[in-house]
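Structure, as structure tokens:
Just so you know, all these numbers are worked out from the coordinates, no wet-lab data involved. Since the structure is predicted, the reported quantities are computational estimates derived from the model, not experimental observations. Cβ atoms come from the backbone with ideal geometry, glycine included; neighbour counts cover every protein chain shown.
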Amino acid sequence: MTKYKMHLLVCGGTGCRASASDAIVGKLQKELDEKNLQDEVQVVMTGCFGFCEKGPIVKVLPDNTFYVQVKPDDAKVIVEEHVIKGRKVEKLLYKDPADQKEISDSKHMGFYKKQLRIALRNCGVINPENIEEAIARDAYAALAKVLTEMTPQQAIQEMIDSGLRGRGGGGFPTGMKWKIASQNHADQKYVVCNADEGDPGAFMDRSILEGDPHSVIEAMAINGYCIGATKGLVYIRAEYPLAIERLKIAINQAREYGLLGDDILGTGFSFDIQLRYGAGAFVCGEETALIHSMEGERGEPTFKPPFPAESGYLGKPTNVNNVETYANIPVIYLKGANWFNKIGTAKSKGTKVFALAGKINNVGLIEVPMGTTLREVIYEIGGGIKDGKKFKAVQTGGPSGGCLTEKHLDTPIDYDNLIASGSMMGSGGMIVMDEDDCMVSVARFYLDFTVEESCGKCAPCRIGNKRLHEQLDIICKGKGTLADMDKLRNLSHVIKDTSLCGLGQTSPNPVLSTLDNFYDEYLEHVHDKKCRAGVCKDLMQYIIDTEPCVGCTACARVCPVGAISGERKGPHTIDQTICIKCGACMDKCKFNAISIH
Amino acid sequence: MEFVNLTIDNKSVKVEKGTSILKAARSVGIDIPTLCYMSLGDMNIENKPGGCRICVVEVEGRRNLAPACCTDAHTDMVIKTNTMRVLNARRTVLELILSDHPADCLICAKSGNCELQTMAHKLGVREIHYKGEMSTYKEDFSPSIIRDMDKCIMCRRCEMMCNEVQTVGALWGVNRGFQAVVSPAFEMDLEKSTCTYCGQCVAVCPTGALTEVDHTNQVIRALADPSKTVVVQTAPAVRAALGEEFGLKPGTLVTGKLAAALRRLGFNFVFDTDFAADLTIMEEGTELLDRLGRHLNGDKEVKLPILTSCCPGWVNFFEKQFPEMKEIPSTARSPQQMFGAIAKTYFAEKIKVNRKDMVVVSVMPCLAKKYECQREEFATDGNPDVDFSISTRELAALIKGANIDFNLLPDEDFDNPLGESTGAAVIFGTTGGVIEAAVRTAYEIQTKKKLEKVDFEELRGLEGVREATIDFNGLPIRIGIAHGLGNARKLLEDIKAGKSHFHAIEIMACPGGCIGGGGQPLHHGDSSILKARQMAIYQEDRNKPIRKSHENPFIVKLYEEFLKHPMSEKAHHLLHTHYFNKKNEFIIE
Amino acid sequence: MVKVKSLADLQNLKANLQTKVDLREKGDSAERLVQVRVAMATCGIASGAKKVMEFFIDELEKRNIDAVVTQTGCMGYCYAEPTIEVKLPNQDPVVFGYVDSKKADEIIEKYIKNGELVPGIIPVNYETIDNNNQ
């Protein structure tokens, strides 16, 4: 069936295209035509390989040779040497930067290890609605191993040794959490999976639940065995109907197969899982608020201590863990804690799933080992900034995080480094911004969210965030003063210092980090009444240039508020005090006389 | 018992494990300011949502500030309660709260008595740096309580009292974020909710968000109207607490000054609700004995236990939440209402005044009484038996406004014939008092023997649910007592389940009984004040020459001249009532 | 559906399933199936992946091609949804992006039938751990 015996894949990503991959395709085709090989060898342009700094890329199938920094003139030697004679063109081979050895099969490239899918290992590989496909890829093998070969204490120790830290944002060592819960005695304990993923733009947990629900189910059962809980609960946001459906199917299938329920695998251990639904409150992602919501109470956080591991759901010892944390757990038991803790940095082990979004070419879900730099993520995996614009900032951690700039790009990503740089890991949202983003507006956007989502219990968050938001709004509307800027800082620090829960304790982070890193932009808004990114409408003015203006009156007629005046055939002007900046005039003008300043 | 040793502001402190930093600090004289925190220690009630963040302190090694009221003290903690970091945070948080609070102090009912106002003064706030939008809500006027939620600071005390102490469930935290507020479900009016008007929420609210409906204007107008004969009655619990409004120690009895003040205010007749309390005992005691007799004779239909019914908050509670049991309470009206009925018939006839020209005002420790006197069944041809009810606090305001120097007043007596009362009547003001008064009379009528000891200590105390068995000359009568609606609920559930073994139960809606009513001077969580008031009540009882209701000569005369005998037809018409099913059901479309 | 009552049961089940998978992917005897996986997470579905999956199921049958079409979770290429992975027997899988019915048709005619690659290939840029390999 296969007609072609060889394929030449040329990278057509934005980066390589700019370096003439079109020309490479053309030249290769020409060479093949000349040698009459056009029916045996196919040249195809592909999407971005993500290896943009070494582009243009040419990959040869089926032997997986990976040529880097290829020039159009190399087409001849590729065809003559590699295609015809079967000899790889050594000068074009990728050299491993560690030992300068040439890599002939791209499967061995370290580049591919830049993304290492552990939590996402089955996503995109198995059909999530078929438990057998999951079992074929080792689902429930870890549970079996733990139940039959380890005591709860041993299993907890393995978790501690792995160094796994909570992936929901808190970064608390998972093993420690399990140990504390196991040491508190009660007639009933609970295991809770926090699937309330609330950060705007974050979809890591959703993808795991939609793609590999069994990994979470299995891990919850292991958690139950370790701490002595027979009941598990998944608190999942109602806005994830597909994830809910797939989770239900998975739970039912697990029950049918005897992998959930009474006496699992004949070991005497029983465990079952129920679902609980959120109702659209971000604050219910905070563990104590989540627990209260499940109990039927108002979803408000309560003070810690006592921690849930001591007194949680219905007052019993409870472990609350994030979806992504659970997804990592079966692998840790199968491959061992020592395998896991070799990945990552000294204090942050393993990988992290990020939802890469914003002004970037390759928007999507990535999973990278801790310690990968931001530069690698944005420029290599992400394919660089869209439309060739200039990088401005990258925001991590959602509404709890901060904006990092050019000078932070070489920071290895891990929990402590990000905090030290003024941001935080959060649940894994990563939003890239370019020169067309206004940082003051960005801070205000995040405050929009936290003001809306605050539970309202404690004064600093309920009222303080509202005031922060109002202040940013004033600045964006061009009415801010320098005195206001000082107040922003003090208010932010007090809110952080006095709020009851993580929402309030981190909501001023976007403000503080943009104040630190983009103070000039704030000054411009306040002092010069200017928004350099062109985002804050109230700081923009629509102006009619009298030269090209012929006085056709088309703009005056389309203006909804009657702000434009002028005689027919004479130059027109816009009254800035009336103008609502809708832009209709600019759209209407055939003479390009109207522009934004 | 384990102890912890820590340092607060460089002072060494040793406290029991599990003590909060706040209490630990107070034990060495460091008074960390608080706003939402409230403790009614003796009743095991504590409100500590940790929401106002005023009591934050610095704890060495902790990244952020800790709320002192809900953080436990641990060994080796080093705490600083007044560094500049703490002061800055406290002031900023207070400014934030003030920025969302109307500046109504001039006309606010709580001015001078407002915890927020006091805090702003204490922390020296001169400017609010963070002004902005304010959260506003529709004002809610019910017959007894006004909710002005613009002034709510989300301290959650009212929610705690209503849900955990009273178990009424009318108030909850609703909405999220800036618009979060405490309110009945769906922000409906109190009147439509299951609220009983017990007023415990008003008693604990630190600001002017929850206040009583003010009837002093109506009283002043009535007093100023020359065509009206204004009669006043005053409840037993008032005399034990009114003095606090004038700087007297809690528990100072001011009966004489109270009568004098009322006279100086211009009331034509200064009477005593206690008189009607004796009347209540006559009617209710007879009813108790009647039911008891039928029960002992084998009547299976008769409803026992008999429940007291003088507390309107309690009546609202069972009408709204246990209407299926409305045949069980006594049919006797409350003393306030009995008084009004008698005043506008018996007494009006005596002084030849038309009932329409008589205005009956009651001074009550209670806010539910404002609702009670408006009940349709307590009026004749549209003319209510009791026209207005004002609270102890409102009376104090009237006295102060009239330039009367309360502390210099001489002791005076109440007028007759509706002013004489016994010791049994005065103990109505505290939990256990009504049933003790009933027992004093019922005992003598039932056994036809004279009571040697009039004090029944086994019925007294402050525990939420109490029980005692009184020996009626060989017949054991089992008495149950509950105060606070949460405790009432427990007894009601038992009756519903058929598990109740009592013959008679006394229920008071407010913790402590009427002395802790919603209209009393605010105790701000200090339960020693309630204890002191209770002592005063029992002291007045001991000072009375006559201590059993049926020995009140004016009561005897009332029956001879007017009512004939307890439970007569006239008594039934004027002094008894029946109850309604007031369960609210809402259909949510 | 198999009731797994012991560790041995689970291990046997896994071994059976893996043998089946192996035969399908590597054997060059009877089972030389083409495998098409369609990314059906919420982003995929929102971009029209359901229609694409139905197209493949219908058309592969109509054109008499021995194939197994399944749904799967997010492959990570959210910027190129709908994405599909096509694995021809004895070949490495290839991921295509921006797949609509027209491209699906092209993929069937050119790649599945003839081994001719079409534009729109998304190169895999990650490694997935395999549970049995270290």
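To the nearest 20 debye, what is the magnitude of the charge dipole of chain A about its Cα centre, counting +1 on the Cβ of each Lys and Arg and -1 on the Cβ of each Asp and Glu?
It comes to approximately 660 debye.
Toward the positive end of the charge dipole of chain B, about the Cα centre and with charges on Cβ (Lys, Arg +1; Asp, Glu -1), which of B:V182, B:V426, B:L98 goes farthest?
Farthest towards the positive end: B:L98.
Could you work out how far the C-alpha centroid of the range B:53-87 sits from that of the range C:55-103, in angstrom?
The range B:53-87 and the range C:55-103 have Cα centres spaced 60 Å from each other.
As an exercise, use a Förster radius of 56 Å and the Cβ-Cβ distance of B:E463 and A:E256 to find the FRET efficiency, rounded to the nearest 0.05.
Working from the Cβ atoms, E equals 0.50.
What order, most packed first, do the peptides B:104-111, A:324-331, A:279-286, B:46-53 have when packing is the mean number of other Cβ atoms within 10 Å of each residue?
Listed from highest to lowest mean packing, they are A:324-331, B:46-53, A:279-286, B:104-111.
Compute the FRET efficiency between A:E547 and C:D100 as 1/(1 + (r/R0)^6), taking r as their Cβ-Cβ distance and R0 = 45 Å, and round to the nearest 0.05.
0.45
How large are Rg and Dmax for chain B when only the alpha carbon atoms are used, in Å?
According to the Cα coordinates of chain B, Rg and Dmax are 25.1, 80 Å.
Within 10 Å of each Cβ of C:81-88, how many other protein chain Cβ atoms are there on average?
That average works out to 1.
Counting only complete DSSP H runs, which helices of chain A cover 24 Å or more along their long axis at the Cα atoms and score a mean Kyte-Doolittle of -0.5 or above?
A:482-498
Could you give each residue of the range C:10-18 its phi-based ³J(HN,Hα) in whole Hz, using Karplus coefficients 6.51, -1.76, 1.60 with θ = phi - 60°, and x for Gly or Pro?
Result, rounded to whole Hz: 4, 5, 5, 4, 4, 4, 4, 5, 5.
Take the Cα pairs of chain A, get the Kirkwood Rh, then feed it into Stokes-Einstein at 10 °C and 1.306 mPa s and tell me D in µm²/s.
58
Enter the angle in degrees (range 0 to 90, nearest 10) between the Cα long axis of helix B:392-401 and the first principal axis of the Cα atoms of chain B, meaning the one along which they spread out most.
Between the helix axis and the principal axis of chain B, the angle is about 80 degrees.
Can you give the relative contact order of the range A:131-338 as a percent, counting alpha carbon pairs under 8 Å and 6+ residues apart?
31
Percent antiparallel among DSSP beta bridges with both residues in the range B:469-575, to the nearest 5?
Given both bridge residues lie in the range B:469-575, the antiparallel proportion sits at roughly 45 percent.
When N is the residue count of the protein assembly as shown, what does its C-alpha Rg come to as a fraction of 2.2 N^0.38 Å?
Ratio of Cα Rg to 2.2 N^0.38 Å: 1.18.
How tilted is helix B:273-296 with respect to the longest principal axis of chain B? Cα atoms for both, answer in degrees (0 to 90, nearest 10).
Compared with the principal axis, the helix lies near 70 degrees.
Across the Cα atoms of the range B:172-247, what radius of gyration and what greatest pairwise Cα-Cα distance (Dmax) are found, in Å?
Using the Cα atoms of the range B:172-247, the pair Rg, Dmax is 17.8, 54 Å.
Tell me, what is the percent relative contact order of chain A, built from C-alpha pairs under 8 Å that lie six or more residues apart?
It comes to 11 percent, rounded to a whole number.
Can you find, among A:P548, A:L418, A:S595, the residue sitting farthest towards the positive end of the charge dipole of chain A, where Lys and Arg contribute +1 and Asp and Glu -1 at Cβ?
Result: A:P548.
Per DSSP H run of at least 4 residues, take -39500 (n - 2.57); add these up for the protein assembly as shown, divide by its residues and hand me the 222 nm value, nearest 500 deg cm²/dmol.
Roughly -9500 deg cm²/dmol at 222 nm, from the helical runs in the protein assembly as shown.
What net charge do the residues around B:N113 carry, taking every other residue with its C-beta under 10 Å from that of B:N113, with Lys and Arg at +1 and Asp and Glu at -1?
0
Compute the long axis of helix B:84-99 from its Cα atoms, compare it with the longest principal axis of the Cα atoms of chain B, and write down the angle in degrees, 0 to 90, nearest 10.
Rounded to the nearest ten degrees, it is 50.
Can you give the local net charge around A:D272? Use residues other than it whose beta-carbon is closer than 9 angstrom to its beta-carbon, Lys and Arg +1, Asp and Glu -1.
Residues near A:D272 contribute +1 overall.
Could you order the peptides C:99-112, A:539-552, A:223-236 from most to least packed, using the average number of other C-beta atoms within 10 Å per residue?
Most protected by this proxy first, the peptides run A:223-236, C:99-112, A:539-552.
If you place +1 on the Cβ of every Lys and Arg and -1 on the Cβ of every Asp and Glu, how big does the dipole about the Cα centre of the protein assembly as shown come out, in debye to the nearest 20?
With only Lys, Arg, Asp and Glu charged at Cβ, the dipole is about 1080 debye.
Highest mean first, how do B:87-100, B:276-289 rank when packing is the count of other Cβ atoms within 10 Å averaged over residues?
Result, highest mean first: B:276-289, B:87-100.
Quick check on my link table: of B:K303/B:K582; A:K59/A:K359; A:K59/C:K110, which ones sit more than 25 Å apart, alpha carbon to alpha carbon?
A:K59/A:K359
Normalised by the number of residues in chain B, what is the relative contact order in percent for Cα pairs under 8 Å and 6+ residues apart?
Taking the mean separation of contacting Cα pairs over the length of chain B, I get 16 percent.
Taking every DSSP beta bridge that has both residues in the protein assembly as shown, what percent is antiparallel when rounded to the nearest 5?
If I count the DSSP bridges inside the protein assembly as shown, around 55 percent turn out antiparallel.
Among the lysines, which have Cα under 24 Å from the Cα of A:K231 when same-chain residues fewer than 8 positions away are ignored?
Result set, ordered by chain and number: A:K145, A:K177, A:K179, A:K189, A:K248, A:K304, A:K316, C:K3, C:K5.
Normalized C-alpha radius of gyration of the range C:33-133, against 2.2 N^0.38 Å?
Normalised by 2.2 N^0.38 Å, the Cα Rg of the range C:33-133 equals 1.02.
Taking a cut-off of 18 Å, what percent of all Cα-Cα pairs in the range A:42-88 are separated by more than that?
25
Once you charge only the Cβ atoms, +1 for Lys and Arg and -1 for Asp and Glu, what is the size of the charge dipole of chain B about its Cα centre, to the nearest 20 debye?
Roughly 860 debye, rounded to the nearest 20.
In peptide C:36-49, how many Cβ atoms from other protein chains are near each Cβ within 10 Å, on average?
4
When you look at the Cβ of every residue in A:201-211, what mean number of other chain Cβ atoms sits within 10 Å?
Per-residue shielding by partner chains comes out at 4.
Just the ratio, please: alpha-carbon radius of gyration of the range A:351-434 over 2.2 N^0.38 Å, N its number of residues.
0.94
Going through the cross-link list B:K326/B:K370; A:K30/A:K386; B:K450/B:K557, which pairs have a Cα-Cα distance over 25 Å in this structure?
Exceeds cut-off: A:K30/A:K386.
Once Lys and Arg get +1 and Asp and Glu get -1 on their Cβ, which of A:N509, A:T498, A:T450 lies farthest toward the positive end of the dipole of the range A:439-528?
Sorting the options by dipole projection puts first A:T498.
How big is the antiparallel share of DSSP beta bridges in the range A:351-434, given as a percent to the nearest 5?
Taking every DSSP beta bridge within the range A:351-434, about 80 percent pair in antiparallel fashion.
For A:I381, C:I45, which order do you get if you count the other beta carbons within 10 Å of each Cβ and list the fewest first?
C:I45, A:I381
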